[in-house]
Amino acid sequence: MTRLSLSSLLVVGRSCLFLLAMASAIAVTAACGGGAASPSTQPTSSSGQSSGTQVIPTATLPPAGPNTAAEGHGDLKMTFSRDLGIYILSDNFGRTLYMYTEDGPNVSNCTGDCAQTWLPYITAKTELAGEVGVIHDLIGTTTRDDGSTQVTYNGHPLYRFATERDIRGIRGHGVGGVWFALNALGDPIGQ
């Protein structure tokens, strides 16, 4: 009979756990009908009702410089933040969305110079979608003073930090003690 050392047993155990995790992920993806090329089939309206349309993910990022609104599809997803150790609300490309504590419920108070640094998450869509982890009943919109439609989550108007161009970045989190990333329940993280 062959005897294994403790370190060999640990390597074997970790390998088994990894394989089990991968098999579970594959099973969940298959059960959900998932695949990188599959369209999302869970779109909802801003009132949370199913719209019956499909959202096809796109692989390119829309241009968004420091002087433009954060235009996108208006769709939301949860993205894991390694820095915060939890899932945070992001746009359909995985870029962090923030709330401003000076806003009122469904009212944006970030205009002028503020809106040049904190880009309102604007949409032209009337039907918004949220991927797994997003609570559809919390998705909404509000009309800004300029007439554009800003996406909200749990009543918080949403923004992107203009200088944050990377996926999963959180450089805007906690800025000035008034800008925060949101969790799946629409609550500001760490406030």
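Summary table below
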{"quantity": "Test set (1) closer than 17 Å to residue 191 by Cα; (2) touching a residue at least 60 places away in the same chain (Cβ under 8 Å); (3) of a type outside the set (A, V, I, L, M) - residue 118 fails condition number", "calculated": "(1)"}
{"quantity": "Odd one out for residue 176 among (1) touching a Ser or Thr at 6+ places or on another chain (Cβ under 8 Å); (2) without any contact (Cβ under 8 Å) to a residue 24 or more places away in the chain", "calculated": "(1)"}
{"quantity": "Residue, surrounded by the most Cβ atoms within 10 Å (Cβ to Cβ), within region 140-183, restricted to residues that are among the polar types (S, T, N, Q) and not in a strand (DSSP E or B)", "calculated": "154"}
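For (1) at pLDDT below 50; (2) in the same structural domain as residue 149 (by TED's automatic domain parsing); (3) touching a Gly at 6+ places or on another chain (Cβ under 6 Å); (4) assigned to a strand (DSSP E or B), each residue gets a yes or a no:
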{"residue": "24", "(1), (2), (3), (4)": "yes, no, no, no"}
{"residue": "30", "(1), (2), (3), (4)": "yes, no, no, no"}
{"residue": "34", "(1), (2), (3), (4)": "yes, no, no, no"}
{"residue": "57", "(1), (2), (3), (4)": "yes, no, no, no"}
{"residue": "77", "(1), (2), (3), (4)": "no, yes, no, yes"}
{"residue": "109", "(1), (2), (3), (4)": "no, yes, no, no"}
{"residue": "119", "(1), (2), (3), (4)": "no, yes, no, yes"}
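The values are calculated or read from the model by the stated rules, or taken from the named source; none is laboratory data. Computed from a predicted structure; not experimentally measured. Glycine also receives a Cβ, built like all others from the backbone with ideal geometry; neighbour counts cover every protein chain displayed.
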